[in-house]
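Accompanying notes for the structure given below.
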Amino acid sequence: MKWFRHQTDSYTNLKHREIMEEFGLEGYGFYWVCCELVGQQGEKYRLKNSKGWLKALKNTSNLSEEKINKFLNKFAFLNLISANALKDKELYIPKMRDYSDDYTKFLRRHSEETCPTTHNITLHKIILEYITLKGWSQEKNILTSVYKRNCKTAKSLFTLTNQNLERVIACLRWCGATFKNKGLPWTLETVENWYPEYNKQYPLLPDKSPQEFKDLVKKVINKESQ
């Protein structure tokens, strides 16, 4: 999950107020740390015991195991987290579905529908960069159409660059600048076809640092736009 929504009046929620009345802001803050951990490391709003989430919470909060268990049991009692999952030593927060941002919901839905691969998030980043370079809005209807048409090509381009995301993005920008300068339309398939030419002109040195690579991309774009 990239981020999740947090309502500005969350503290007025009756369940949250009950936590604060019993544990103060410490308990309230701990709940949101749990949400952040699930959002960052969990799958479908759940952290399994094998993830070591309890240890992570202890290290992050510097609280005793006894206090942490008191917090978690209270959260479970209030249905802020799943009581059944907690018995199985899992941290499951169904309510995270309500907090989840539209971007995350979109990625989850379309990764299941259009991109059945372990590189889903990377492929989405490639296509979103493509959409940005094309100057299109990121409205859902546009995103859906572009994803369905280009997910396979994005995967092919990612493979072509030996799974180097920075290399893919640089090639996207180079191709976009080149065709824009010539007043020609271009697609993600065009980038894939032109990659050998790009790689020939701007080979990636093994010792090239990310910042140096970004500087190179800027030079390429500036050169092509002159």
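The values are calculated or read from the model by the stated rules, or taken from the named source; none is laboratory data. Predicted model, so just to flag it, every value in this text is computed and none were measured. Quick reminder, even Gly has a Cβ in these numbers, built from the backbone with ideal geometry, and neighbours come from all protein chains shown.
Brief remarks on what is shown
- Failed item in (1) surrounded by 17 or more Cβ atoms within 10 Å (Cβ to Cβ); (2) modelled with pLDDT under 90, with residue 49 passing the rest: (1)
- Assessment of the stretch 82-102 against the conditions (modelled with pLDDT of 90 or more, assigned to a helix (DSSP H, G or I), buried (at least 17 other Cβ atoms within 10 Å of the Cβ) and not hydroxyl-bearing (Ser, Thr, Tyr)) yields at least one matching residue.
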